[in-house]
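Encoded as structure tokens, the structure appears first; notes follow it.
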Amino acid sequence: ITRRAKCSVMLLINPSVERHPCEHIVVNGFDSPQTKDTIEAAFIVAKAFGTPKITLVEEISRSKVAVSVDDDRSLRKATLRKERLRRQEQTRVRDVVKKLPAEIKKDVNWVTQSIFGRRGYSIGHYARIVRSDLLIMNAQENSSFFDRFFTNFAVFLIGLGCAILARA
């Protein structure tokens, strides 16, 4: 769903037949042109649902911190690089939230959280761990033919492998 969507997507983490109040929303704060609109929509939804808490999650790719850790010096270098990236991302997201109208931010507590890992997968895992009720994701950015082909081909191979294992 999220790969093909042309707009932001809201995903229920634990859907149920009975209605439960939405207590916590996790929002993708990845650096893209749609992020401002996605964050604004999240605050509007939180206001409408009466949700008291929003967590804006910046997913930072591991490739940005790609340092092989062999000794204390390289460990310190990797740690400093991660911390610098985390601060930059938090500042960027805070600037986006500052520009939003005050009336949609009223009565909603929000925090930022940086996570390192594969984009899309790590935020879904994070949302489950913190027991979020709703996950709001940006629209997929337009990618090249090769990006789409290899991603879809990898998904096909994984599905084929699962089918083969199921028959065995």
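The values are calculated or read from the model by the stated rules, or taken from the named source; none is laboratory data. As the structure is a prediction and not an experimental result, all values here were calculated from the model. Cβ: placed from backbone, ideal geometry, glycine included. Neighbour counts: every protein chain shown.
Observations on the model:
- From the options Arg84, Arg92, Arg3, residue that is surrounded by 11 or more Cβ atoms within 10 Å (Cβ to Cβ), basic (Lys, Arg), modelled with pLDDT under 90 and outside any helix (DSSP H, G or I): Arg3
- Residue that is loosely packed, with under 12 Cβ neighbours inside 10 Å, closer than 18 Å to Met10 by Cα, modelled with pLDDT of 85 or more and under 18 Å from the mean Cα position of the chain (by Cα), where the choices are Ile25, Ile129, Ile54, Ile39: Ile129
- Residue within the range 106-116 that is more than 19 Å from the chain's Cα centre (by Cα) and over 19 Å from Ser132 (Cβ atoms) present: yes
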